[in-house]
Amino acid sequence: MKALLNDLYLYELVLLLLGVFLFLILSAGLVYYIIKKEEIKKLLLFFPIPILMIGYPSVKEITISSDKIAFSKYQEEYINNPEDTIAKQNLEKLTEKLEERAHSPEDIIEISKAKLLLGNSKEAVQYANKAIKIEKERKERTDSESTSITKDPSVNASQKSKITAQAKQLKQLARIQNMNSNDIDTNALNAKINELKVDKELVGTKEIIKRKALGNLKVKN
């Protein structure tokens with residue numbers, strides 16, 4: 001639930017909270033009217049307002065969650081079959097749609113990965129750097145909180161280092177994708193890519209970049 005709320009814009013969160021608050025106020029007023037045996041018809045007319053205020057952000061949460069599932073699906077489909085133009089088009093659309101709502105380092109890493117797969121190395125690096133920056137800020141905030149609360153500072157440390165490692169790996173892959181025949185020959189590039197160690201989540205991405213990079217060199221040569 002927390003992850004979903006993080007995907008909402010500020011105005012959507014405010015709308016949701018105000019809707020809940022107004023609904024509680026109206027519910028309390030309804031109970032009061034019933035106890036006092038007063039007319040409740042006029043009060044009931046106001047209930048659709050908080051329902052709509054709560055409903056809009058809730059629908060957005062569901063839509064975003066559905067988009068993320070489809071995003072992962074098309075990303076895997078494109079990795080498994082780079083010739084699948086439909087998967088690529090859907091991935092492009094969903095990447096553009098979700099990048100505006102990518103706030104957590106985990107989501108930003110996925111956007112960086114998609115940008116790289118789609119051939120946009122520059123933006124892939126930008127998002128990778130953004131993920132590193134936000135992850136660093138989150139770590140500093142967590143470390144600060146751990147000094148005032150009895151808490152193991154190593155909690156989630158592996159997840160944090162994983163995000164930073166993946167961001168750096170994506171940057172390396174982006175540099176490889178941008179290489180040309182003046183920078184390196186085919187054999188050297190092949191060796192360089194094979195030597196690059198990546199997390200299991202990026203193995204498929206690495207193979208796509210390898211195929212594209214080697215293909216580009218062959219074309220230029």
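Could you sort out which of K60/K192; K42/K97; K162/K192 sit more than 32 Å apart by Cα distance in this structure? Exceeds cut-off: K60/K192; K42/K97.
With the alpha-carbon atoms of segment 31-154 aligned to their principal axes, the span from lowest to highest coordinate is 68, 49, 21 Å, starting with the largest. At full extension, L43 and T63 could sit 4.0 nm farther apart than now, given 0.36 nm per residue minus the alpha carbon distance. The share of accessible area on segment 59-102 that comes from carbon and sulfur is 50 percent, using a 1.4 angstrom probe. Scoring 133-143, 96-106, 204-214, 31-41 by mean Cβ neighbours within 10 Å over their residues and listing the highest first yields 204-214, 96-106, 133-143, 31-41. The Rg/Rh ratio for the chain is 1.17, where Rg is the radius of gyration of the alpha carbons and Rh is the Kirkwood radius.
Along the axis of the charge dipole computed for the chain (Cβ charges of +1 for Lys and Arg, -1 for Asp and Glu, origin at the Cα centre), the listed residues L16, L116, T95 are led at the positive end by L116.
Pairs of Cα atoms nearer than 8 Å and 6+ residues apart set the relative contact order; for the chain it is 16 percent. Whole-Hz Karplus values for segment 39-51 come out as 5, 10, 4, 5, 5, 5, 5, 8, 5, x, 5, x, 5 Hz, taken residue by residue from phi with 6.51 cos²θ - 1.76 cosθ + 1.60 and θ = phi - 60°; glycine and proline positions read x. Taken per residue, the accessible surface of the chain reaches 62 Å², heavy atoms only and a 1.4 Å probe. Charges were assigned to the Cβ only: +1 to each Lys and Arg, -1 to each Asp and Glu. The resulting dipole of the chain about its Cα centre is roughly 260 debye. Legend: distances between Cα atoms for K88/K122; K73/K139; K113/K212; K115/K136; pairs beyond 24 Å are K73/K139.
The values are calculated or read from the model by the stated rules, or taken from the named source; none is laboratory data. Given the structure is predicted, the values throughout are model-derived calculations rather than measurements. Backbone-built Cβ (ideal geometry, glycine too); neighbour counts: all protein chains shown. For the accessible areas, the whole protein counts, side chains as well, though only heavy atoms, and no ligand, DNA or RNA atoms are used. Shrake-Rupley method; radii C 1.70, N 1.55, O 1.52, S 1.80 Å.
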